[in-house]
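Here is the structure we will look at, set down as structure tokens.
The values are calculated or read from the model by the stated rules, or taken from the named source; none is laboratory data. Every value quoted in this text rests on a predicted model; they were computed, and no experiment measured them. In this analysis, Cβ positions are derived from the backbone assuming ideal geometry, glycine residues included, and neighbour counts consider all displayed protein chains.
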Amino acid sequence: MENRNYWLDESRLGPQVGLPDNAENNKGNNSLYAFPFILGLIGLFYQIKKDGKNASVVGLLFFFTGIAIVVYLNQKPFEPRERDYAYAASFYAFAIWIGLGVLAIYDFLQSKMNQMASATAATAVCLLAVPTIMAKEEWDDHDRSNRYIARDFARNYLESCAPNAILFTNGDNDTFPLWYAQEVEGIRTDVRVVCLELLNTDWYIDQMVHKAYKSEPVPFSLKKDQYRQGTRDVVLFHERGIKGNISVKELMEFVRSEDKANKLEVQSGTFYNYFPTRNMSVPVDSATVVNNGTVPKELAGRIVKSIDWTIQGNYVQKNDLMVIDLLSQNDWKRPIYFAATAPASSYLNLAPYLQLEGLAYRLVPIKQTAAEQQQETRIATDTMYNNIMTKFVWGGMEKKDVFLDDVFVRSCALNVRQRIAALGSALAAEGKKEQAIKVLDKCLEITPEENVPFDGTIFSIAIAYYQAGADKKANDLANKLFDNFEKNMKYYGSFKSRDRVSFISDIERTQEIMERLIYFTDMFKQPELSKQFEARYNTILQTYGLSPKMNQ
């Protein structure tokens, strides 16, 4: 895409020359020349001049459905998706002015030429200046054709799970596509999807205790009158000096109790159920978990006698209480998973006992080693490899002519790169280097640079290639990544010093990646490449007066 260096853009956005590739070649990099805005202003002033009373009506509509709602809603800066639908009525009001702008141009031209010619000219000018330019500029980044990522990734989450599993998801973005996949397309209806956000409500728990599709009811011990709204919405922790970890069955029996002796009086006449300790335990029957496939036979020696863990904080909300209740009743009969996109806080501090099997973590009675914790988590390499190579589908993400907006890139594509990079490293560590190379090749195939810009996630892919012995592929990626970040640094340097402060974290993150590339290319015995990177990096530091961020 050609550089678009306009003074108005530079005054708001900074230098428009030398943009990083992921910005300059972004399909959302559009220039409308402010024509829709200008045409709307023409219509506004035209209506004020011709019909002030109606102009005030449209103006009030615009104000109260736009500016006033901005103040009233006070939305936080970052949302998981655009919230501009809240201001839809103000768009309608401005569209009225755009329409009147066409009439204003017609009236102006009518004084210069005959009626037919002025009507034709006004129509042609306005069509070319607004809808034609908008279609030309914005079609490619609004085109949703051949993109089925939401549905196919929902399938991938479900296919990450063993039969008859319980899968905990976090919020609506994680959950609704899975509901669609099961309800409409009948995909993996044996998996019970449990939305943790909704598990705070009694009506949703009511649904969980009934069979759905091919999935059996979720095993809870709490009865309806014990989890109804206003009851056990919050369960406190009140340490009573109990030593060791206590079985969740015993703890839930205590929490279910209606005896006031087993409740905490927080103020006169107000009693809360509470846990007498944060240290919990889930017993493990090794024969059961081996026989039902929770743990493969070759890992039977790593099975712990019980999952012992401590919950942080001063209380748990109802959704966490229900998870604890499920753990007390499940007895390892059904596989339990957490969606990989769920925040770590949703795992109830059980992370050391989770293993990655695709796009979901499975709770297993095997505690991670120190090496596994360094790689974020333990990975069931054979299971995850099979899922990615044979079961997962990619919704068009792998097709270079399919548009991926930033939301899909962040939540799907980059997430996939991170998970596959971890799998590649784990396979290489197990000596399965051929499989590691194949799955890393698959990753680059399904996340092409044209759709998913090369960023820090490619660093992990490159390292995994080095670990698998594919030095040429690793060097090619390292070169490309260093080029990208070098261009980023030069772009940052084109800003005035006072303006760099606003994105100092981006600069530091870029420096960190570049320094890691220097370090790891040397560590994996690529001295020439490492020296080349170091020389180019030192030139950037000297040019822009920066200091190294890491001790190499």
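Per-structure values
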{"read-out": "Of the criteria (1) touching a residue at least 40 places away in the same chain (Cβ under 8 Å); (2) surrounded by 15 or more Cβ atoms within 10 Å (Cβ to Cβ), which one GLN16 fails", "value": "(1)"}
{"read-out": "Residues (of a type in the set (A, V, I, L, M) and assigned to a loop (DSSP other than H, G, I, E, B)) located in segment 193-213", "value": "LEU196, VAL209"}
{"read-out": "Segment 177-226: number of residues that are more than 19 Å from LEU326 (Cα to Cα), surrounded by 15 or more Cβ atoms within 10 Å (Cβ to Cβ) and among the hydrophobic types (A, V, I, L, M, F, W, C)", "value": "3"}
{"read-out": "Test set (1) in a helix (DSSP H, G or I); (2) modelled with pLDDT of 85 or more; (3) surrounded by fewer than 17 Cβ atoms within 10 Å (Cβ to Cβ) - SER31 fails condition number", "value": "(1)"}
{"read-out": "Selection count, segment 133-174, where residues are under 25 Å from GLN329 (Cβ atoms) and loosely packed, with under 14 Cβ neighbours inside 10 Å", "value": "1"}
{"read-out": "Odd one out for LEU481, checked against (1) within 23 Å of the chain's Cα centre (by Cα); (2) touching a residue at least 40 places away in the same chain (Cβ under 8 Å); (3) closer than 20 Å to ALA436 by Cβ", "value": "(2)"}
{"read-out": "Spans of helices (runs of 4 or more DSSP H) in segment 318-401 with at least 2 residues at pLDDT 95 or above and of a type in the set (A, V, I, L, M, F, W, C)", "value": "318-330"}
{"read-out": "Hey, VAL282 at pLDDT 95 or above, touching a Leu at 6+ places or on another chain (Cβ under 9 Å) and in a strand (DSSP E or B) or not", "value": "yes"}
{"read-out": "Wholly within segment 38-118, helices (runs of 4 or more DSSP H) carrying at least 1 residues that are buried (at least 19 other Cβ atoms within 10 Å of the Cβ) and touching a residue at least 24 places away in the same chain (Cβ under 8 Å)", "value": "52-62, 88-110"}
{"read-out": "Qualifying residue in segment 291-307 (condition: under 27 Å from the mean Cα position of the chain (by Cα) and touching a residue at least 24 places away in the same chain (Cβ under 8 Å))", "value": "no"}
{"read-out": "Test: residue in segment 437-458 that is over 29 Å from ASP172 (Cα atoms), among the basic types (Lys, Arg) and without any contact (Cβ under 8 Å) to a residue 40 or more places away in the chain", "value": "no"}
{"read-out": "Residue among PHE78, PHE94 that is touching a helix residue (DSSP H, G or I) at 6+ places or on another chain (Cβ under 8 Å) and among the aromatic types (Phe, Trp, Tyr)", "value": "PHE94"}
{"read-out": "Complete set of residues in segment 217-253 that are β-branched (Val, Ile, Thr) and either touching a Gly at 6+ places or on another chain (Cβ under 9 Å) or in contact (Cβ under 8 Å) with a residue 60 or more places away in the chain (or both)", "value": "VAL218, VAL234, VAL235, VAL248"}
{"read-out": "Single residue of segment 165-185 satisfying the filter (in a helix (DSSP H, G or I) and touching a residue at least 40 places away in the same chain (Cβ under 8 Å)) that is nearest to PHE338 (Cα to Cα)", "value": "ASP174"}
{"read-out": "Close pairs (8 angstrom Cβ cut-off, 6 or more residues apart or separate chains): in contact (Cβ under 8 Å) with a residue 60 or more places away in the chain in segment 369-387, of a type in the set (Ser, Thr, Tyr) and not in a helix (DSSP H, G or I) anywhere", "value": "ASN387/SER160"}
{"read-out": "Residue check for LEU236: assigned to a strand (DSSP E or B), under 28 Å from ASN279 (Cβ atoms) and assigned by TED's automatic domain parsing to the domain that holds TYR347", "value": "yes"}
{"read-out": "Residue check for ALA429: at pLDDT 95 or above and among the small types (Gly, Ala, Ser)", "value": "no"}
{"read-out": "Extreme residue, farthest from ALA474 (Cα to Cα), among residues of segment 501-528 that are among the aliphatic types (A, V, I, L, M) and buried (at least 17 other Cβ atoms within 10 Å of the Cβ)", "value": "ILE507"}
{"read-out": "Verdict on ASP190 being at pLDDT 95 or above and assigned to a loop (DSSP other than H, G, I, E, B)", "value": "yes"}
{"read-out": "Filtered residue count, segment 177-204, keeping only those that are of a type outside the set (Val, Ile, Thr) and farther than 18 Å from ASN319 by Cα", "value": "11"}
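This table checks each residue for (1) among the basic types (Lys, Arg); (2) more than 16 Å from MET322 (Cα to Cα); (3) part of a loop (DSSP other than H, G, I, E, B); (4) modelled with pLDDT of 95 or more.
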| residue | (1), (2), (3), (4) |
| --- | --- |
| LEU128 | no, yes, no, no |
| ALA135 | no, yes, no, no |
| ARG144 | yes, yes, yes, no |
| ALA154 | no, yes, no, yes |
| CYS161 | no, yes, yes, yes |
| GLN229 | no, no, yes, no |
